[in-house]
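In what follows, a single structure is set out as structure tokens and then discussed.
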Amino acid sequence: MTSALRAGVEAAGDHERGLAAVRTSLARIGGRCGPGWSPSYYGKDLVLVRPGRHVPEEPGLPKGAGAVRHGWAWDHVSLPAGENTGTDALLRACYLVSMAARLRRDDPGVPQHAPSALDTVPGRLTARAAASLLAGVLVRPYEGRAAGPEEDPRMPGVPSADGWPAAAATARPGHWLVMSDVHDIEWGTVGRGEDGARLTTGNAEQLLELAVAWHSGRPTPEVTDAAYGIRQQRERQLVGHLAILADGVRDSGRLYGTFGDGLCGFVADPAVLRSALREANRTSTGHLASGAGLAAVGTTGLDAARSRATFALHVTKTLKGTQHPPDGLHLFGTVLGVPAAEAALGFLERLREAGPGAPGSHHLDHAHRHREHWTRHLPATHRDRAAALLSGGRHAPA
């Protein structure tokens, strides 16, 4: 079972609230499936396992206003007998079923059986879109270093999200709320090597050759088996990246693995986070990079800080690839410099010209929702331009 998390976040106007809505919806589905099924939750996905050979019935997905959009698929998995518990086989199956569920989330007419659904990809998606599908599914957990106490077992070195609710309850003035997100795992970051050459090696770029071969007739099992190994390598890099970021702030605060590929928590000093973010991004230049939004926790409480940190993170997403700011961190209340303002508005204007449904159009939706924040964070020379861009409908013509 997979969820349209981005749509949920945009509907809620807040990443944490959107994820909470997804979790609640998945919990209701898992609770309705009966004692024969064993549910397991991760991020925006729900895995349901049942011994024996069963064709699942329609799980009764929530419908109506405000419901989270889900997709689901299934497969029969043969696990090895003996001492080998079959963990690897099960995780590989989760990778395949999750991709099929994503296809069905966007088009319920796709076959429910995961292998059959994936066989339709070459005739349904472009090679580039197929590469994004192969690159967009998490494959954690994986074998490797064991997680320590209070760490996420799927992300050694990263504090478990289980600790975040208690930490959030201690929020007080003087704390900075942090929200981070890995922006570029699929298509890579704009980075520079020591020789000045541009580095962009996203996971989807690594998988593009496989996707092209898929379109040329390479059997689906061969494609997905090779893709799984490539995704595991990038997943290890992602976990290492997040561990560097989390470890780098331990003397100033604590960050928790709340978003699957992002962190949330508090720091006492934004400079410490800036340093940790710079180091994490340096180690994964060209492959993936985090952005972070910070907001001071004031007398108005955590909810106000959460909304502001979400907007500050959105600023880094708008500026990703422009190297403004070069370290991918933004503090709510800090007015952008002219080069960064020019880059941000140029990006949003290009999205408006592309129209609804274009890749990245959700950034314009978010900007429209928070146009007052954008006005506050732009230099005076750019405010009229922003007002014209963000007035009226989300994709109103110039």
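The values are calculated or read from the model by the stated rules, or taken from the named source; none is laboratory data. Just so it is clear, the structure is predicted and the values come from calculations on it, not from any experiment. A quick note on method: Cβ atoms are made from the backbone with ideal geometry, for glycine too, and the neighbour counts reach across all protein chains shown. Accessible surface is based on the protein model in full, side chains and every heavy atom, while ligands, DNA and RNA are left aside. Shrake-Rupley method; radii C 1.70, N 1.55, O 1.52, S 1.80 Å.
The table below lists the values:
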| item | result |
| --- | --- |
| Nonlocal amide H pairs with Tyr42, under 5 Å, H built at 1.01 Å | Val47 |
| Gain on full stretching of the segment that runs from Glu349 to Arg218 - 0.36 nm per residue minus C-alpha separation | 43.2 nm |
| Mean Cβ count within 10 Å, highest first, over the residues of peptides 53-59, 70-76 | 70-76, 53-59 |
| Over segment 306-387, relative contact order from alpha-carbon pairs under 8 Å, at least 6 apart, % | 31 percent |
| Candidates Tyr42, Tyr256, Tyr228, ranked by Gaussian network fluctuation over the chain, Cα under 10 Å, top entry | Tyr42 |
| Within segment 124-140, backbone nitrogen closer than 20 Å to the virtual label 7 Å beyond the Cα of Asp106 toward Cβ | 124-139 |
| Largest to smallest accessible area among Ser307, Ser216, Ser98 [probe 1.4 Å] | Ser216, Ser307, Ser98 |
| Area accessible to solvent at Ile244, 1.4 Å probe radius, in Å² | 60 Å² |
| When segment 319-394 is reduced to its Cα atoms, the Kirkwood hydrodynamic radius in Å | 12.7 Å |
| Contact order relative to length of segment 246-398, as percent, for alpha carbon pairs under 8 angstrom and 6 or more apart | 16 percent |
| Over the chain, relative contact order from alpha-carbon pairs under 8 Å, at least 6 apart, % | 14 percent |
| HN-Hα J in Hz across segment 97-113 - Karplus 6.51, -1.76, 1.60, θ = phi - 60°, x for Gly and Pro | 5, 5, 4, 5, 5, 5, 4, 6, 4, 8, 8, x, x, 5, x, 6, 6 |
| 3J(HN,Hα) from dihedral phi, segment 352-365, Karplus parametrisation 6.51/-1.76/1.60, rounded to Hz, x for glycine, proline | 5, 5, 6, x, x, x, 5, x, x, 5, 5, 5, 5, 4 |
| Gain in span if fully extended, Glu57 to Ala358, counting 0.36 nm per residue against the direct Cα distance | 104.9 nm |
| Calculated FRET efficiency for the pair Arg172/Ala67, C-beta based, R₀ 41 Å, to 0.05 | 0.70 |
| Accessible area expressed per residue, the chain, with surrounding protein chains retained (probe 1.4 Å, Å²) | 46 Å² |
| Computed E for Thr375/Ala7 - FRET, C-beta separation, R0 25 angstrom, nearest 0.05 | 0.45 |
| Choice from Gly253, Gly34, Gly346 showing the highest fluctuation, given a GNM over the chain with Cα pairs closer than 10 Å | Gly34 |
| Residue with peak Gaussian network fluctuation, the chain [Cα springs, cutoff 10 Å], from Ala81, Ala295, Ala243 | Ala81 |
| Extension gain from Thr126 to Ala89, taking 0.36 nm per residue of separation minus the Cα-Cα distance | 10.5 nm |
| Segment 194-290 - percent of accessible surface contributed by carbon and sulfur, probe 1.4 Å | 49 percent |
